[in-house]
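Peer 1: Quick one: the structure is below, questions incoming.
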Amino acid sequence: MRPQLNLVCVLKFHQPLGVSSERLAECFDAYYEPVVDALEADRGLRLNLHFTGTILEYALAERPEFLPRLKRLWNEERVQLLGGAFHDALLPAIPERDALGQLNLTRQFMKAHLGREPRGGWLCLRAWDPSLIPLLVQAGVGHVLLDDAQFVTAGFKAGDIRGHFTTERAGHCVKVFPIDATLLRVFHTSQAAGTKKALDEMGRGQVGFSGVETFAGNGEELIDSGQFGMLCGVLKGEYHWCKTHLLEQAIRMFPDQGRVYLPTSAQPRLGDFSRPADTVARRARLIRHMETMGIWKEAQQFGGGVVWDNFLVKYPAINQLHKRMLRTSARVDRLRQILLERQRAGKNGSGETMARKILQKAAAGLWKAQNHSVYWHGGAENEGIYDSQLRLRAVRELLVAEALVDRVLPDRKAENWHGLKADLDADGELEALVVTPFFQAIVHPRHGGTLWELDLRKKGLALQTMVVPVEEPYHDMPTGTEVRLVDEDERDTLEGLPAVPRGAVEPALAKLRLDGTRRGAFQDHFFGAETTLESYARRQFREMGDFSDEPYALKVYEPEYLGQPGVVTVSRAGVVKDVDRALLLRIDKSFRFAVDKPRLHIIHDLANRSREPASVWYGMEWTFGIPSGQPEAARLKVLGADDEERQAMLTDGPVDLGDAVWVEFLDAAAGVAIVLQFEEPMGVWWVPIETIHQSPDGFKQAIQGHTLLLHKRREVWGDEIQTMEVTVDFHEA
């Protein structure tokens with residue numbers, strides 16, 4: 001008698017933040033409705049489906065028959081819909097209050113429009129932390145899915161990872177289904193004969209086992225490749241011995257495989273992008289060596305798992321966006337708590353009703369900005385943080401959420417000038433937050449005394465939203481121009497990355513320039529005499545001082561009178577070295593944010609603390625993003641010391657615009673013009689920040705931001721202080 005195989009098949013459908021209605025309509029026609037068609041046509045097929053909130057909302061508004069069809073299938077126990085974060089957030093990466101809110105929002109939507117609450121939950125990127133268990137239970141989620149590799153890191157042997165297990169935290173229990181990597185590979189790549197063979201072998205391996213094998217895959221990829229139709233055909237011909245089940249049915253029908261405690265982890269494929277590129281290469285070589293020795297399968301259970309949080313280390317832009325999201329969450333929660341207190345006090349007037357509606361809108365914006373798509377990069381699978389429009393959409397949602405909170409809870413101090421010291425980026429050090437009617441800014445003393453954030457509140461624009469290129473695992477792909485002095489085997493592609501034929505050339509990578517230096521707003525540099533525009537643009541210049549990325553002391557001075565700007569001052573005493581001597585210098589840099597107009601005033605004192613004169617080439621660097629995310633809309637114009645105007649497009653850079661007395665940056669698409677004025681002529685260099693990264697559409701070369709350098713050669717006598725002043729005005733364009 002042929003052994004029976006029990007399968008759980010899960011398809012997930014995801015959409016990124018800000019997806020267009022046109023794209024959603026295409027996806028309903030190409031993916032979502034064909035899956036429902038297949039289920040209605042085959043009564044033996046049972047699928048578990050996950051749709052993000054964006055898809056469900058569109059279905060409610062634009063596809064009135066879609067949700068009722070799903071409801072009928074669910075009631076007939078032919079489909080099970082999984083819950084999860086409504087806007088596809090990484091649950092361990094957001095505050096517990098938001099995680100619970102998103103889980104409950106999905107639960108409420110399904111209850112209202114599908115008649116049932118979801119009992120299972122989908123975890124984006126399989127990002128797992130044991131602290132999630134009480135939240136999942138509180139939101140009614142009784143079972144989730146994780147990768148089998150996450151069980152391996154907990155010490156399980158490959159043959160023991162099947163069925164479903166129980167995990168718990170403080171007495172709260174959740175069932176966990178391990179996703180079989182073999183099934184994932186077979187269903188995504190094999191033809192019908194290969195799929196039948198794999199199922200047959202798996203069925204024979206289940207003799208004496210009472211449980212399910214679990215497959216979970218990307219629904220769009222399966223349909224695009226034709227694998228979904230093939231799989232449905234194969235299963236239909238094998239129902240006499242190969243049964244498909246819903247997750248809830250499997251829990252009822254088959255015994256639990258026991259208790260398990262899993263460490264904090266995420267999908268294994270994230271490892272190549274969350275880790276530094278050089279460690280990825282070393283790890284791949286080590287794995288190949290162990291495979292040659294025949295010990296890799298045995299050894300991998302003793303290795304560590306993938307932790308999503310390492311994306312916060314590798315990509316400063318992800319960390320910056322994540323910390324901004326946390327601050328916005330705290331603001332929204334403050335409004336929530338105040339309204340709860342008012343409600344308990346019996347205040348239920350029309351004003352309170354309106355405030356609660358505003359709270360709902362603010363929370364919706366916050367939760368949309370928590371969509372996981374922008375908080376990672378996955379090469380050919382996910383462009384992520386390198387997608388400038390995706391990045392800007394997330395920031396705009398946060399800015400709108402904060403503006404909504406301000407409508408209900410206006411900060412009287414911020415109507416004039418409000419400053420405080422706090423650890424705003426969770427690095428263990430204090431930064432200065434400044435809020436005025438026109439600005440919200442963060443001065444980061446640890447990062448060279450620069451502006452970490454600069455927002456134009458009335459326009460809802462965040463300027464410091466750029467991505468600095470970092471080394472990726474695919475950046476060492478052969479270009480066809482380098483000399484290889486290694487064995488041919490060393491040219492193998494790293495595990496998990498797309499194969500590159502021998503001798504293949506990726507032209508964009510040949511032009512790749514990585515620097516790894518931190519950049520910011522109003523960063524101090526001292527250049528070697530040999531520095532050129534080209535070497536500066538490549539970040540291959542000699543840094544003569546220890547000011548650019550070293551910590552500064554921080555002071556915040558409240559305004560003496562209402563309507564006057566306060567001052568944030570950062571100071572550092574450091575050394576500028578030359579070939580045969582070291583000079584002791586001190587920089588005091590003050591930021592004044594006007595309260596009556598959108599104006600920023602920077603006063604920069606350079607003091608020579610040595611007895612001998614200091615001859616230095618000083619530069620103040622401002623690196624910021626493109627407010628519209630459209631490089632072609634950015635233009636720079638300067639008024640030279642010779643009273644002649646010169647201009648350049650960002651796409652023309654790098655550009656030497658000579659000595660100037662004022663500079664105008666214009667982003668017509670964003671409707672903003674930034675004008676800098678100097679008391680004395682200064683040299684101006686303008687350099688685009690470019691990344692070369694992999695995306696689902698192939699390699700992309702993109703301008704992510706730009707650097708404006710104001711530079712001048714200075715002679716500072718012993719014990720002399722020279723002052724440089726820069727006034728920055730922000731206008732409508």
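Peer 1: Which residue is surrounded by the fewest Cβ atoms within 10 Å (Cβ to Cβ), if the candidates are limited to region 237-288 and must be assigned to a helix (DSSP H, G or I) and hydroxyl-bearing (Ser, Thr, Tyr)?
Peer 2: Result: 279.
Peer 1: Moving on to the next point. Do we have residue 327 as assigned to a helix (DSSP H, G or I), at pLDDT 90 or above and surrounded by fewer than 13 Cβ atoms within 10 Å (Cβ to Cβ) here? Give the steps one after another, and end with the answer.
Peer 2: On the way: assigned to a helix (DSSP H, G or I): yes; at pLDDT 90 or above: yes; surrounded by fewer than 13 Cβ atoms within 10 Å (Cβ to Cβ): no.
So residue 327 fails the test.
Peer 1: Counting just the residues of region 622-661 that are hydroxyl-bearing (Ser, Thr, Tyr) and over 22 Å from residue 602 (Cβ atoms), which one comes out surrounded by the fewest Cβ atoms within 10 Å (Cβ to Cβ)?
Peer 2: Step one: of region 622-661, the residues hydroxyl-bearing (Ser, Thr, Tyr) are 623, 628, 651.
Going one step further and asking which of them are over 22 Å from residue 602 (Cβ atoms), we end up with 628, 651.
Numbers: 628: 19, 651: 11.
So the residue we want is 651.
Table: residues versus (1) outside the structural domain of residue 37 (by TED's automatic domain parsing); (2) among the basic types (Lys, Arg); (3) part of a helix (DSSP H, G or I).
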| position | (1), (2), (3) |
| --- | --- |
| 141 | no, no, no |
| 144 | no, no, no |
| 163 | no, no, no |
| 174 | no, no, no |
| 185 | no, yes, yes |
| 201 | no, no, yes |
| 206 | no, no, no |
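Matching residues to (1) touching a residue at least 24 places away in the same chain (Cβ under 8 Å); (2) closer than 30 Å to residue 690 by Cβ; (3) not in a strand (DSSP E or B):
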| residue | (1), (2), (3) |
| --- | --- |
| 551 | yes, yes, yes |
| 565 | yes, no, yes |
| 575 | yes, no, no |
| 605 | yes, no, no |
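Peer 1: Something else about it: If you scan region 25-53, which residues turn out to be β-branched (Val, Ile, Thr) and either at pLDDT below 95 or in contact with a His (Cβ under 7 Å, 6 or more places away or on another chain) (or both)?
Peer 2: Within region 25-53, 52 is the sole residue that qualifies.
Peer 1: From the list 163, 171, which residue is under 21 Å from residue 251 (Cα atoms) and without any contact (Cβ under 8 Å) to a residue 24 or more places away in the chain?
Peer 2: Working: 163 fails: without any contact (Cβ under 8 Å) to a residue 24 or more places away in the chain.
One residue alone meets the criteria, 171.
Peer 1: Can you work out which of the residues in region 3-43 that are in a loop (DSSP other than H, G, I, E, B) and more than 21 Å from residue 121 (Cβ to Cβ) is nearest to the chain's Cα centre (by Cα)? Let's see the steps before the verdict.
Peer 2: Step one: filter region 3-43 for residues in a loop (DSSP other than H, G, I, E, B), giving 3-4, 14-20, 42-43.
Subset that is more than 21 Å from residue 121 (Cβ to Cβ): 3-4, 18-20, 42-43.
Values: 3: 46, 4: 43, 18: 15, 19: 16, 20: 20, 42: 40, 43: 41 Å.
By that ranking, first place goes to 18.
Peer 1: Restricting attention to region 609-630, which residues are in a strand (DSSP E or B) and not charged (D, E, K, R)? Walk me through it before giving the result.
Peer 2: The first filter runs over region 609-630 and keeps only residues in a strand (DSSP E or B), leaving 614-625.
Answer for region 609-630, where residues must be in a strand (DSSP E or B) and not charged (D, E, K, R): 614, 615, 616, 617, 618, 619, 620, 622, 623, 624, 625.
Peer 1: Still on this structure, please answer the following. Please work out which residue is farthest from residue 533 (Cα to Cα), limiting yourself to region 631-654 and to residues that are assigned to a strand (DSSP E or B) and touching a residue at least 60 places away in the same chain (Cβ under 8 Å). Don't jump to the end; show me each part of the working.
Peer 2: Within region 631-654, the first condition is being assigned to a strand (DSSP E or B), and the residues that meet it are 634-640, 645-649.
Now drop any that are not touching a residue at least 60 places away in the same chain (Cβ under 8 Å), which leaves 634, 636.
Numbers: 634: 20, 636: 17 Å.
Checked region 631-654; the qualifying residue farthest from residue 533 (Cα to Cα) is 634.
Peer 1: For residue 343, work out the one condition from (1) out of contact with any His (no Cβ under 8 Å at 6 or more places or on another chain); (2) crowded, with 19+ Cβ neighbours inside 10 Å; (3) in a helix (DSSP H, G or I) it doesn't fulfil.
Peer 2: Single failed check for residue 343: (2).
Peer 1: Within region 17-46, how many residues are in contact with a Ser or Thr (Cβ under 9 Å, 6 or more places away or on another chain) and surrounded by 21 or more Cβ atoms within 10 Å (Cβ to Cβ)?
Peer 2: 2
Peer 1: Out of region 1-16, which residues are touching a residue at least 40 places away in the same chain (Cβ under 8 Å), out of contact with any Cys (no Cβ under 8 Å at 6 or more places or on another chain) and surrounded by fewer than 17 Cβ atoms within 10 Å (Cβ to Cβ)?
Peer 2: Those that are touching a residue at least 40 places away in the same chain (Cβ under 8 Å), out of contact with any Cys (no Cβ under 8 Å at 6 or more places or on another chain) and surrounded by fewer than 17 Cβ atoms within 10 Å (Cβ to Cβ): 2, 3.
Peer 1: Mind checking which residues of region 151-160 are assigned to a helix (DSSP H, G or I) and either surrounded by fewer than 15 Cβ atoms within 10 Å (Cβ to Cβ) or at pLDDT below 90 (or both)?
Peer 2: 152, 158, 159, 160
Peer 1: Let me ask you something else. Scan (1) surrounded by 18 or more Cβ atoms within 10 Å (Cβ to Cβ); (2) in contact with a helix residue (DSSP H, G or I) (Cβ under 9 Å, 6 or more places away or on another chain); (3) at negative phi for the single condition residue 163 breaks and write down its number.
Peer 2: Failing condition for residue 163: (3).
Peer 1: Here is a further query. Across region 63-100, which residue is farthest from residue 244 (Cα to Cα) among those that are in a helix (DSSP H, G or I) and in contact (Cβ under 8 Å) with a residue 60 or more places away in the chain? Break it down stepwise before answering.
Peer 2: Initial filter on region 63-100 (in a helix (DSSP H, G or I)): 66-75, 91-93, 96-100.
Within this subset, residues satisfying the condition of being in contact (Cβ under 8 Å) with a residue 60 or more places away in the chain are 92-93, 97-98.
Working: 92: 31, 93: 33, 97: 36, 98: 34 Å.
The extreme case among them is 97.
Every residue, every condition in (1) surrounded by 21 or more Cβ atoms within 10 Å (Cβ to Cβ); (2) within 24 Å of the chain's Cα centre (by Cα); (3) modelled with pLDDT under 95; (4) of a type in the set (Phe, Trp, Tyr), yes or no:
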site	(1), (2), (3), (4)
364	no, yes, no, no
388	yes, yes, yes, no
411	no, no, yes, no
416	no, no, yes, no
437	no, no, yes, no
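Peer 1: Six or more apart or on different chains, Cβ under 6 Å: which pairs go from a residue in region 344-356 that's at positive phi and among the charged types (D, E, K, R) to one that's in a loop (DSSP other than H, G, I, E, B) and loosely packed, with under 10 Cβ neighbours inside 10 Å? Could you list them?
Peer 2: From residues that are at positive phi and among the charged types (D, E, K, R), there are no pairs.
Residues checked against (1) under 17 Å from the mean Cα position of the chain (by Cα); (2) in the same structural domain as residue 17 (by TED's automatic domain parsing); (3) without any contact (Cβ under 8 Å) to a residue 12 or more places away in the chain; (4) crowded, with 18+ Cβ neighbours inside 10 Å:
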{"position": "373", "(1), (2), (3), (4)": "yes, no, no, yes"}
{"position": "378", "(1), (2), (3), (4)": "yes, no, no, yes"}
{"position": "392", "(1), (2), (3), (4)": "yes, no, no, yes"}
{"position": "402", "(1), (2), (3), (4)": "no, no, no, yes"}
{"position": "422", "(1), (2), (3), (4)": "no, no, yes, no"}
{"position": "442", "(1), (2), (3), (4)": "no, no, no, yes"}
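Peer 1: Could you tell me whether any residue of region 220-233 is within 20 Å of the chain's Cα centre (by Cα), aliphatic (A, V, I, L, M) and either surrounded by 16 or more Cβ atoms within 10 Å (Cβ to Cβ) or part of a helix (DSSP H, G or I) (or both)? Give the derivation first.
Peer 2: Kept after step one, since they are within 20 Å of the chain's Cα centre (by Cα), are these residues of region 220-233: none.
No, region 220-233 contains no residue that is within 20 Å of the chain's Cα centre (by Cα), aliphatic (A, V, I, L, M) and either surrounded by 16 or more Cβ atoms within 10 Å (Cβ to Cβ) or part of a helix (DSSP H, G or I) (or both).
Peer 1: Anything in region 559-588 that is buried (at least 17 other Cβ atoms within 10 Å of the Cβ), farther than 19 Å from residue 417 by Cα and not small (Gly, Ala, Ser)? List them, or say none.
Peer 2: Passing the criteria: 572, 576, 583, 585, 587, 588.
The values are calculated or read from the model by the stated rules, or taken from the named source; none is laboratory data. Everything numeric here is computed off the predicted structure, so don't read it as measured data. Positions of Cβ are generated from backbone atoms using ideal geometry, with glycine treated the same way; all protein chains shown enter the neighbour counts.
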